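Take a look at the structure below.
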Amino acid sequence: MKEETRTQEEQGAAARQTQARLPVRRRKTGGKLALAGKYKGLYLMLIPGLALLILFHYLPLGGLVTAFQDYDIFDGYYSEFIGLKNFRNILLAATSDKMYQIFRNTIFISIIRIATNFPIILALALVVYSIRNKYVRSIFQGISFIPYFISWTAVSGMAFALLSTDTGLINTVLHMLGQEGVRWYTTPDPWWLILAVTSLWKGMGWGTLIYIAAMCNIDEELYEACALDGGGVLRQAFHVTLPSIMSVICLQLILDTGNIMKDNYEQILALVPDSTAINETVEVIGKYTYTQLNGPGMGSATAMGLIQSIIGLILVLFANKIVKKTDNEGIL
């Protein structure tokens with residue numbers, strides 16, 4: 001019994017000596033403030049971006065009050081409060097048929113744009129990343145970026161050179177083939193597709209950027225293992241690349257779903273001529289809001305923008321829930 005007690009005392013003494021020899025870890029003082037001081041350069045770089053975010057995204061939220069007012073420029077925020085009248089005029093008033101047409105055009109144009117742009121941009125990103133020569137890849141990617149920096153006004157001039165009834169390149173080719181030319185600027189049917197194609201041409205370089213950035217983080221050993229198993233370029237794309245960037249693909253799908261109610265009215269104002277037949281086909285929410293802002297309907301325009309934002313938020317939450325059910329990461 002005494003020997004057991006002595007052994008325990010010796011073990012305890014040895015443990016205390018070992019603990020005494022260990023370096024004492026001092027608790028860092030300052031916490032998050034000290035961490036911010038350590039990375040102050042990075043935090044300083046965030047200031048311009050945060051300032052722009054607050055200035056152009058958060059401060060304007062105060063203007064949403066005009067959606068519930070009969071806004072007058074001289075009264076400003078003290079204009080007459082009318083409650084939900086602007087919303088009722090948009091959704092339930094006698095002009096509801098026009099509102100239905102505007103919402104229909106916005107949704108259909110967005111769906112066609114997503115259905116064409118999303119898979120083509122993803123396929124282009126796969127093609128660019130499969131180019132192993134870095135110089136050729138850089139040149140190819142740089143060329144695809146050029147249209148992104150061209151204004152829609154310049155694009156409208158290019159489109160006119162293609163679609164002009166008398167001198168347009170497309171009608172010239174059709175005449176050479178013995179076909180009749182198409183009066184593009186008075187025919188409403190093809191304009192949804194024209195808007196989707198021009199949007200793809202202008203944004204495909206920028207759209208591939210996020211995918212290529214995600215692909216650069218894929219471990220090269222995965223491609224080597226697939227190649228050893230006899231996998232070619234297509235098999236590597238479907239079994240290595242796509243599964244590795246699936247989270248990014250899902251993120252882009254969520255964002256595209258939320259943008260179904262969002263339209264590029266600048267594109268429509270620049271490309272589409274002032275024709276009654278075509279305007280009925282391409283009248284969208286953004287164009288309606290722009291028209292109201294330039295007229296007496298400040299409150300109606302704000303109400304329309306608020307409706308657009310709420311529907312977009314609902315669509316994002318819905319898409320995010322579906323993505324999470326597929327065992328992929330969402331945004332929330």
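The values are calculated or read from the model by the stated rules, or taken from the named source; none is laboratory data. Model, not experiment: these values are computed from the prediction. Reconstructed Cβ throughout: ideal geometry from the backbone, glycine too, with neighbour counts over all protein chains shown.
Going through (1) at pLDDT below 90; (2) over 30 Å from Gly299 (Cβ atoms); (3) under 30 Å from the mean Cα position of the chain (by Cα) one by one, Gln19 falls short only on (3).
Look at Glu221 and say whether it is within 30 Å of Leu163 (Cα to Cα), part of a helix (DSSP H, G or I) and of a type outside the set (A, V, I, L, M). No.
The residue of the range 83-115 that is nearest to the chain's Cα centre (by Cα), among those that are crowded, with 16+ Cβ neighbours inside 10 Å and β-branched (Val, Ile, Thr), is Ile114.
Can you tell me which of Gln292, Gln252 is closer than 30 Å to Ser151 by Cβ, of a type outside the set (A, V, I, L, M) and without any contact (Cβ under 8 Å) to a residue 24 or more places away in the chain? Step by step, each of Gln292, Gln252 is checked, and only Gln292 is closer than 30 Å to Ser151 by Cβ, of a type outside the set (A, V, I, L, M) and without any contact (Cβ under 8 Å) to a residue 24 or more places away in the chain.
The rows are residues; the columns are (1) of a type outside the set (Gly, Ala, Ser); (2) surrounded by 11 or more Cβ atoms within 10 Å (Cβ to Cβ).
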site	(1), (2)
Phe140	yes, yes
Ser151	no, yes
Val173	yes, yes
Leu177	yes, no
Gly181	no, yes
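When you scan the range 189-200, do you find a residue that is in contact with an Asp or Glu (Cβ under 8 Å, 6 or more places away or on another chain), under 18 Å from Tyr265 (Cα atoms), surrounded by 13 or more Cβ atoms within 10 Å (Cβ to Cβ) and not aromatic (Phe, Trp, Tyr), even just one? Talk me through it step by step, then tell me what you get.
Just the residues of the range 189-200 that are in contact with an Asp or Glu (Cβ under 8 Å, 6 or more places away or on another chain), to begin with: none.
Within the range 189-200, none of the residues are in contact with an Asp or Glu (Cβ under 8 Å, 6 or more places away or on another chain), under 18 Å from Tyr265 (Cα atoms), surrounded by 13 or more Cβ atoms within 10 Å (Cβ to Cβ) and not aromatic (Phe, Trp, Tyr).
Within the range 220-232, the presence of a residue that is touching a Ser or Thr at 6+ places or on another chain (Cβ under 9 Å), over 25 Å from Asp274 (Cβ atoms), modelled with pLDDT under 85 and exposed (fewer than 14 other Cβ atoms within 10 Å of the Cβ) is excluded. Between Leu255, Leu242, Leu269, Leu251, the distinction of being under 17 Å from Trp192 (Cβ atoms), part of a helix (DSSP H, G or I) and within 27 Å of the chain's Cα centre (by Cα) belongs to Leu269 only.
For the range 149-168, what are the residues that are among the β-branched types (Val, Ile, Thr) and either assigned to a helix (DSSP H, G or I) or without any contact (Cβ under 8 Å) to a residue 12 or more places away in the chain (or both)? Selection gives Thr153, Val155, Thr167.
Looking across the range 51-78, the residues that are in contact (Cβ under 8 Å) with a residue 40 or more places away in the chain and surrounded by 12 or more Cβ atoms within 10 Å (Cβ to Cβ) come down to Gly63, Leu64, Thr66, Ala67, Phe68, Gln69, Asp70, Tyr71.
Out of the residues in the range 108-150 meeting the condition of being among the polar types (S, T, N, Q) and touching a helix residue (DSSP H, G or I) at 6+ places or on another chain (Cβ under 9 Å), tell me which one is farthest from Leu200 (Cα to Cα).
Ser130
For Ala213, work out the one condition from (1) in contact (Cβ under 8 Å) with a residue 12 or more places away in the chain; (2) surrounded by fewer than 16 Cβ atoms within 10 Å (Cβ to Cβ); (3) under 23 Å from the mean Cα position of the chain (by Cα) it doesn't fulfil. Failing condition for Ala213: (1).
Scanning the range 128-138 for residues that are surrounded by 14 or more Cβ atoms within 10 Å (Cβ to Cβ), in a helix (DSSP H, G or I) and either within 23 Å of the chain's Cα centre (by Cα) or among the aliphatic types (A, V, I, L, M) (or both) turns up Val128, Tyr129.
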